[in-house]
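Read through the structure below, which is laid out as structure tokens, and then see the notes.
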Amino acid sequence: MSNTIRIDIPHSLGYAEARRRIERGFYKFGEQLGGGGGACSATHSWRGDHLDFGANVLGQAVTGRLDVEDAQVHIEVDLPAMLGMIAAPISGRLRRQGQLLLGRN
């Protein structure tokens, strides 16, 4: 059974800057999904303000969606059963990375 992680990350950047930072730093999301150990390969595709992405994490297929809004970014990640057991640490890593990416630079 799969497990879906849902994360909302508020920001004060506006849509354009938030999307620019996400485009520039998308690879960091892949690193966070893989725990930073290089065990992850990720792909992504934009359609307007919506990003579809997929990753292979520890041999498991992960899919997700990201929507950029003026004051928040909404992320959903579908984890297969094996990775669903560690959903909380994965969610925490994604939240921290998103907050860093969308924080003031």
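The values are calculated or read from the model by the stated rules, or taken from the named source; none is laboratory data. Because the structure is predicted, anything quoted here is derived from the model rather than measured. Reconstructed Cβ throughout: ideal geometry from the backbone, glycine too, with neighbour counts over all protein chains shown.
Among all residues of segment 54-66, there is none that is of a type in the set (Lys, Arg) and within 17 Å of residue 13 (Cβ to Cβ).
Taking strands (runs of 3 or more DSSP E) as the structural unit, those lying wholly within segment 13-88 and holding at least 1 residues that are modelled with pLDDT under 90 correspond to 40-47, 50-57, 60-68. Of the numbered criteria (1) under 28 Å from residue 15 (Cβ atoms); (2) of a type in the set (A, V, I, L, M); (3) surrounded by 14 or more Cβ atoms within 10 Å (Cβ to Cβ); (4) touching a residue at least 60 places away in the same chain (Cβ under 8 Å), the one residue 71 fails is (3).
Listed by first and then second residue, the pairs with beta-carbon distance under 9 Å, at least 6 apart or on different chains, first residue in segment 81-98 and over 17 Å from residue 60 (Cα atoms), second of a type in the set (A, V, I, L, M, F, W, C) and in a helix (DSSP H, G or I), are 93/33; 94/29; 94/33; 97/29; 98/22; 98/29.
A count restricted to segment 50-68 and to residues that are buried (at least 16 other Cβ atoms within 10 Å of the Cβ) and closer than 16 Å to residue 20 by Cβ stands at 3. When you check residue 93 against the structure, is it closer than 19 Å to residue 8 by Cα and assigned to a helix (DSSP H, G or I), yes or no? Yes: the conditions hold for residue 93. When residues in segment 47-60 are screened for being out of contact with any strand residue (DSSP E or B) (no Cβ under 7 Å at 6 or more places or on another chain) and either charged (D, E, K, R) or farther than 17 Å from residue 24 by Cα (or both), 4 of them pass. Screening segment 74-97 for residues that are surrounded by 15 or more Cβ atoms within 10 Å (Cβ to Cβ) and touching a Lys or Arg at 6+ places or on another chain (Cβ under 9 Å) and picking the one that is nearest to residue 25 (Cα to Cα) gives 97.
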